Amino acid sequence: MTGEAAADRTIWHVTGTDALHFLQGLVSNDVTPLQSAPGIVWAALLTPQGKYLADFFVIRRGVQDSILIDIATTLAPATLRRLTMYRLRADVQIAPAPLHAIRGLGPAPDDAMADPRHPALGWRAWRDAPGAPPGVDWDAIRVAHCIPESGIELIPDESYLLETGFERLHGVDFRKGCYVGQEVTARMKHKTELRKGLTRVSVTGTAPPPGTEILADGKPAGMIFTHSHGEAIAYLRFDRAEGALISGTASLRLIGVV
């Protein structure tokens, strides 16, 4: 069985007759297709003000199987508290699953599912045994396709879905019913023009640590995040992104989103 360990992931079993209905009312994407067929959905949990709290995969491996949630370990405790708060009297139980998240590139094994965000991210599986030590340069893939990561480009209580690429990466559904933070997200989609967001930049010189401020003509223009092979993901004000940009001692130039 091929595949390498997806580091720092927590897996939960979500059971109970209300499990999918419960999640459908909370997350940014439509999970109802999982009622009738195996599949994987990437979604986010938001504050009522539309700000990102956590992102995770919702998975059903077989029609009779329980729902799995695959979430960054750093976000798991706070997310579990939030889900428990919303549960009220719903028939929903969330418990640790003794599984390991595995990911890989190339032909997918029979027990795997394609990563729903982008074809370049390959496949994911959930197994009893851990995968091989990490060997793929996932940061290079993310930078090349401007794909944000939990806790790096995706910052709890700060990030907005549409500024961080969730629509392009199939993480939000504008046709589903209400969910927490839906009103703000829909307003950003239909009534405003995005003035800030994640994009790619070229980096000349030594890239500074993620979260370092970017300046345009001495004015704040955003922040630099993951960098790899002379490029980086940056969060930029678009009205200040066209000229020369500086972050630390590095010079940046806007590339755009692939």
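Every number here is computed from the coordinates shown, using simple stated rules; none is lab data. Nothing here was measured: the structure is a model prediction, and the numbers come from that model. Quick reminder, even Gly has a Cβ in these numbers, built from the backbone with ideal geometry, and neighbours come from all protein chains shown.
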Taking the radius of gyration and the Kirkwood hydrodynamic radius from Cα positions alone, what is the Rg/Rh ratio for the range 4-143, to two decimal places? 0.95
Residues with amide H under 5 Å of ARG9's amide H, sequence separation 5 or more or different chain, H placed in the peptide plane at 1.01 Å from N; which? THR73
How far is it, in nm, from the label point at GLU183 to the one at ARG195 when both lie 7 Å from their Cα along the line to the Cβ? 2.2
Placing +1 at every Lys and Arg Cβ and -1 at every Asp and Glu Cβ, with all other atoms neutral, what dipole size does the range 153-198 have around its Cα centre, in debye to the nearest 20? 280
Compute the length gained on full extension between ARG89 and ALA37: take 0.36 nm times their separation in residues and subtract their Cα-Cα distance, giving the result in nm to one decimal. 16.1 nm
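Which number comes out as Rg/Rh for the chain once both Rg and the Kirkwood Rh are worked out on C-alpha atoms?
Radius of gyration relative to Kirkwood radius: 0.98.
Convex hull volume of the Cα atoms in the range 40-103, per residue, in Å³?
With only Cα atoms used, the range 40-103 gives 116 Å³ per residue.
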Between THR17 and HIS170, what is the label-to-label distance in nm when each label sits 7 Å out along the Cα-to-Cβ direction? 3.3
Kindly write out, for the range 203-212 in residue order, the coupling ³J(HN,Hα) from the Karplus curve 6.51 cos²θ - 1.76 cosθ + 1.60 (θ = phi - 60°), rounded to whole Hz, with x marking Gly and Pro. 10, 10, x, 8, 5, x, x, x, x, 6
Counting only C-alpha contacts under 8 Å and six or more residues apart, can you give the relative contact order of the chain as a whole percent? 20
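So what's the range 126-258 giving for Cα Rg divided by 2.2 N^0.38 Å, two decimals?
1.16
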Distance from the Cα centre of the range 65-106 to that of the range 203-258, in angstrom? 34
Inter-probe distance in nm under a simple model that places probes 7 Å from Cα toward Cβ, at SER202 and VAL63: 5.3
Out of all Cα-Cα pairs in the range 170-248, roughly what percent, to the nearest whole number, are more than 19 Å apart? 47
